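I have placed the structure first, in the form of structure tokens, so that the comments after it can refer back to it.
The values are calculated or read from the model by the stated rules, or taken from the named source; none is laboratory data. Bear in mind the structure is a predicted one, so any value in this text is a computation, not a measurement. Every residue, glycine as well, gets a Cβ built from its backbone with ideal geometry; the counts of neighbours run over all protein chains shown.
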Amino acid sequence: MTQPKSPRSSPPLRVLLTGFDPFDREAINPSWEAVRALDGAKIGRATVHARQMPCVFGDAIEALVNAMDELKPQLVLCVGQAGGRSEITPERIAINIDDGRIADNAGHQPIDLPVVADAPAAYFSTLPIKAIARDLRAAGIPASVSNSAGTFVCNHIFYGLMHRIATHPIAGSSDLPDLRGGFIHIPYLPEQAARFPGAPSMSLATMTEALRIAVATALAVKQDVAETGGQLH
Ligand code: PCA
């Protein structure tokens, strides 16, 4: 009797998703709530591994690099809260500057220091940010490309991620040979926005679904789409 031929299965992929601790007197951070809701989720042939990062300059990058060393992911997506934004915003660029408008969770407030000394001024995300924004909108979720991740701990970890990828290229699977990474900012949760009348917010279920779509698109789209994500100012 001949055995049914089993299809040659592709190797599994690992996705590292990170969110942050609450900061700036908040009790909750939507980035961690949405990221942890996806821990263990299967997206295509990838498994999501969620990790919480401290909202502390320096420590955040150390925690990220440790998680990358442990998991050896093929895709890393860091997520943070951008209170006041109304949309899911994949970030285009990480800049080599720390300039805290507020102190971090350890009380540090660096002003005009490089994230990494003697390193490039900036790195671009290697995620298909425009395809992600397109796919989110197609799913009925407001989204746009952002051209600045700010100068606080989110830009800091984003820069640390891209610098790590640039300096430690890790061969992934044959069809995803390059480790890719990027950052997405997400709005307040409704319970946070309720304390700031007029502030926009998005439900946890919508933001979790948005991150699931972002990961699926990042895994599927190798070459970003050419449609504008620019702004006049
Ligand atoms: N948002 C902050 C840091 C942590 C977070 O969730 C930022 O945008 O820099």
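Structural remarks
- Some residue of region 166-174 being modelled with pLDDT of 90 or more and either touching a His at 6+ places or on another chain (Cβ under 8 Å) or crowded, with 19+ Cβ neighbours inside 10 Å (or both): no
- Single residue of Tyr123, Tyr188 found to be within 16 Å of the ligand (Cβ to nearest atom) and not small (Gly, Ala, Ser): Tyr188
- Test: residue in region 32-41 that is near the ligand (Cβ under 10 Å from one of its atoms) and either farther than 28 Å from Met202 by Cα or touching a residue at least 60 places away in the same chain (Cβ under 8 Å) (or both): no
- Subset of region 203-223 [of a type outside the set (Val, Ile, Thr) and either farther than 18 Å from Lys42 by Cβ or free of Cβ contacts under 8 Å to residues at least 24 places away in the same chain (or both)]: Ser203, Leu204, Ala205, Met207, Lys222, Gln223
- Scanning region 192-233 for residues that are surrounded by 16 or more Cβ atoms within 10 Å (Cβ to Cβ) and not hydrophobic (A, V, I, L, M, F, W, C) yields a count of 9.
- Across region 63-73, the number of residues qualifying as in contact (Cβ under 8 Å) with a residue 60 or more places away in the chain and surrounded by fewer than 21 Cβ atoms within 10 Å (Cβ to Cβ) comes to 2.
- Yes/no for Ala149 being crowded, with 19+ Cβ neighbours inside 10 Å, among the small types (Gly, Ala, Ser), within 16 Å of the ligand (Cβ to nearest atom) and not in a helix (DSSP H, G or I): yes
- Filter result for Met162 (within 16 Å of the ligand (Cβ to nearest atom), farther than 20 Å from Ala121 by Cα and either loosely packed, with under 15 Cβ neighbours inside 10 Å or at pLDDT 95 or above (or both)): no
- A single entry from Ala34, Ala50, Ala60, Ala94 fulfils the requirement of being at pLDDT 95 or above and surrounded by fewer than 22 Cβ atoms within 10 Å (Cβ to Cβ): Ala50.
- Yes/no for Leu189 being under 18 Å from Pro73 (Cα atoms) and either surrounded by fewer than 21 Cβ atoms within 10 Å (Cβ to Cβ) or among the aliphatic types (A, V, I, L, M) (or both): no
- Residues in region 125-144 that are hydroxyl-bearing (Ser, Thr, Tyr) and more than 10 Å from Pro90 (Cα to Cα): Thr126 only.
- Subset of region 37-47 (residues that are touching a helix residue (DSSP H, G or I) at 6+ places or on another chain (Cβ under 7 Å) and either at pLDDT below 95 or surrounded by fewer than 16 Cβ atoms within 10 Å (Cβ to Cβ) (or both)): Gly44
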